[in-house]
Amino acid sequence: MTIRSAVLALGLAMALGATLGIPAASAADGGIKGFWRTGDGRSVIEILDCTNGICGRIASLPPDAPATDVNNPDESKRSKPLCKLIMLHSFTQASDTEWEDGTIYDPKSGKTYDAKMHLTGPDTLDLRGYVGISLLGRTDTWTRQQPGSFKACG
């Protein structure tokens, strides 16, 4: 195979992937790990490897956010800082673009929901929180952020 034919084959493969809607990022290149701005644009969550699978911690908060987890149903945890709080727990990889069987903690309500994540593109992540079955839930679309492009908390 000549260099020219290799380049043409690579170009064809990339075009085919784009046509079929295959995201450019995958788990192999760390696709889900990194910093993500939440759908409302007010917070940034860092997704990373943790002991029990993929997890996520608060990396940036809006100025009007409480400093501690005041809405936690466990009174003993209400004085815990929100900054760096692990709010995504125990996700397992189901495919190159999907993670499931996790939970998301909502510090605004103090509630925890079942959750799954879908990488819809290299810089777009759909996170669905639900009660019981995925049909009974809500999806929030997050956008990838580069380190240093936001004001980190703590």
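The values are calculated or read from the model by the stated rules, or taken from the named source; none is laboratory data. Values in this document were obtained by computation on a predicted structure and should not be read as measured data. Counting neighbours? That spans all protein chains shown, and the Cβs are built from the backbone with ideal geometry, glycine included. Areas reflect the complete protein model, heavy atoms only, side chains present, ligands, DNA and RNA absent. Shrake-Rupley method; radii C 1.70, N 1.55, O 1.52, S 1.80 Å.
A quick yes/no check of all residues on (1) touching a strand residue (DSSP E or B) at 6+ places or on another chain (Cβ under 7 Å); (2) under 23 Å from THR141 (Cβ atoms); (3) surrounded by 19 or more Cβ atoms within 10 Å (Cβ to Cβ):
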position	(1), (2), (3)
SER43	yes, yes, yes
CYS55	yes, yes, yes
LEU61	no, yes, yes
ALA65	no, yes, no
LEU88	yes, yes, yes
GLN93	yes, yes, no
TRP99	yes, yes, yes
ILE104	yes, yes, yes
THR112	yes, yes, no
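The single condition among (1) open to solvent by less than 70 Å² (accessible area, probe 1.4 Å); (2) touching a residue at least 40 places away in the same chain (Cβ under 8 Å) that ASP74 does not satisfy is (2).
Exactly one residue out of GLY132, GLY53, GLY110 is on the phi > 0 side of the Ramachandran plot and free of Cβ contacts under 8 Å to residues at least 24 places away in the same chain, and it is GLY132. Taking CYS83 as the residue in question, decide whether it is of a type outside the set (Asp, Glu), at pLDDT 95 or above, in a loop (DSSP other than H, G, I, E, B) and open to solvent by less than 40 Å² (accessible area, probe 1.4 Å). It is true that CYS83 is of a type outside the set (Asp, Glu), at pLDDT 95 or above, in a loop (DSSP other than H, G, I, E, B) and open to solvent by less than 40 Å² (accessible area, probe 1.4 Å). Exactly one residue out of ASP64, ASP40, ASP96 is assigned to a loop (DSSP other than H, G, I, E, B), in contact with a helix residue (DSSP H, G or I) (Cβ under 9 Å, 6 or more places away or on another chain) and of a type outside the set (A, V, I, L, M, F, W, C): that is ASP96.
Rundown of residues vs (1) at pLDDT below 95; (2) in contact with a Phe, Trp or Tyr (Cβ under 8 Å, 6 or more places away or on another chain); (3) among the acidic types (Asp, Glu), yes/no style:
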| site | (1), (2), (3) |
| --- | --- |
| SER79 | no, no, no |
| HIS89 | no, yes, no |
| GLU98 | no, no, yes |
| THR103 | no, yes, no |
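Of the residues making up the stretch 122-136, those that are open to solvent by 40 Å² or more (accessible area, probe 1.4 Å) and part of a strand (DSSP E or B) are THR124, ASP126, ARG128.
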